[in-house]
Amino acid sequence: MEPTEDMEEQEDACGDEVASAFSIGDLAEEDIPEEAEASADGIEVEDIEALVTDVQDHVFGEMRLPEHVVTELQTAWNTFLAQQPSRDSAGDAIYSAIFDAAPELQYLFKTARSVMAMKFVNALNMLVADLPRPTVLKANTETLSFQHLDIDVTTPRAGVFRDAICELLQQELGANLTTLALSGLQALLNYTAGAMIYVRREYSDRINILRASWIAASHARLAEQEEQAANGQPLASMDRLPAAALEGEAEPASNSKRAKKIQATKVPENFNEMFCFNAAVMGFNMGINWMEAVLDQFENMVLNASNTNRLQEECDVLSLRLIKIKDPIVFA
């Protein structure tokens, strides 16, 4: 969405007012949030003046808006919600504004329109409500960022979302959307987008390490399964564990005798084999059914750790499989 001339003129006319309002050092002492005085205690604090202008993804700290700016923004947001027939209508208006501004980003909306609309309005409502509590705001923003790890959030895309939402509130509220409220909203949306970019950049290496480690731990099993499938052999499962590992559950044995049996067992070469081996040694072989369900689903969960929607689906599938197991499930 390209900014209109009226919007540019409005921003230029109120530039000085916004700059002075967001400069914490120029505020009266009673207007400064108590947490802002703790900026010297090592807690990173966002540059509010920079956030009003653009996305800042080089650091992810606490955003501490002046109290009167928070009040203006919360009042404007509550007014917007009150003018809508329902929360669903508010979410749909936000969805339409974003979609109309950038139809090419439609592929990012992977869920139904009604669901995505509710996600938009609920997330914005949460963030606006958390503004007086910078620590809580940061924690919730970080959680929201982790939920978008699978989406390539960029500064231009964030600008499209920000401008679309700001213009929607300008159209709906008119004069009720004050300059401070609009600037506060811009800062909040830029802060959220910057957090998403920061988290994706900083934590992508950890996700890659997780995936690489899993592949390294599973490659031997995958190769074995491919060989068995090519030869028409049945795949190994927990009910075909070595007898030396399972006999320990049937009757007590001395430590030395059990040690010999374990030594005679094939040395585990991948995660699945180690899982089965540990289960047998610890006496969990009686709960094979639920352990197999966990083992079968675990790979999908690990490989989709960065995709929260898919990870949730895999966890739901595992829960459904566990529910169908009639035998008692003992986790400890």
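The phi torsions of segment 109-123, fed into the Karplus equation with coefficients 6.51, -1.76 and 1.60 and a -60° offset, translate into couplings of 8, 8, 10, 4, 4, 5, 5, 5, 4, 5, 5, 4, 5, 5, 5 Hz, rounded to whole numbers, with Gly and Pro shown as x. Averaging 1/r over each pair of different alpha-carbon atoms in segment 108-195 and inverting the result gives 13.9 Å, the Kirkwood hydrodynamic radius.
Take Tyr203, Tyr95 and sort them by solvent-accessible surface of the protein heavy atoms, 1.4 Å probe, largest at the top. The partial results should precede the final answer.
Working: Tyr203 55, Tyr95 20 Å².
In descending accessible area the options line up as Tyr203, Tyr95.
Extension gain for Ser89 to Asn122 (0.36 nm times residue separation, less C-alpha to C-alpha distance): 10.7 nm.
Largest first, the residues Lys138, Lys110, Lys119, Lys326 sort by 1.4 Å accessible area into Lys326, Lys110, Lys119, Lys138.
Rounded to the nearest 0.05, what FRET efficiency do Asp100 and Arg201 give with R0 = 35 Å and r taken as the Cβ-Cβ distance? Could you check? The pair Asp100/Arg201 has a calculated efficiency of 0.75.
Which shape class applies to segment 268-323: rounded if a/c is under 1.5, otherwise prolate when a/b exceeds b/c and oblate if not, where a ≥ b ≥ c are the square roots of the Cα gyration tensor eigenvalues? Oblate, because a/c is 1.5 or more while a/b does not exceed b/c. Remark: the Arg211-Asn289 segment gains 25.5 nm on full extension, using 0.36 nm per residue and subtracting the alpha carbon distance. Peptides 148-157, 123-132 ranked from most to least packed, by the mean per-residue count of other Cβ atoms within 10 Å: 123-132, 148-157.
Under a 1.4 angstrom probe, counting protein chains only, how are Phe120, Phe60, Phe271 ranked by accessible area, largest first?
Result of the area sort, largest leading: Phe271, Phe120, Phe60.
Taking segment 106-147 and a reference point 7 angstrom along Cα→Cβ of Thr71, the backbone N atoms nearer than 15 Å belong to 132.
The values are calculated or read from the model by the stated rules, or taken from the named source; none is laboratory data. Keep in mind that this is a model prediction, so the values were computed, not measured. Reconstructed Cβ throughout: ideal geometry from the backbone, glycine too, with neighbour counts over all protein chains shown. With ligands, DNA and RNA removed, areas are computed over all heavy atoms of the protein, side chains included. Shrake-Rupley method; radii C 1.70, N 1.55, O 1.52, S 1.80 Å.
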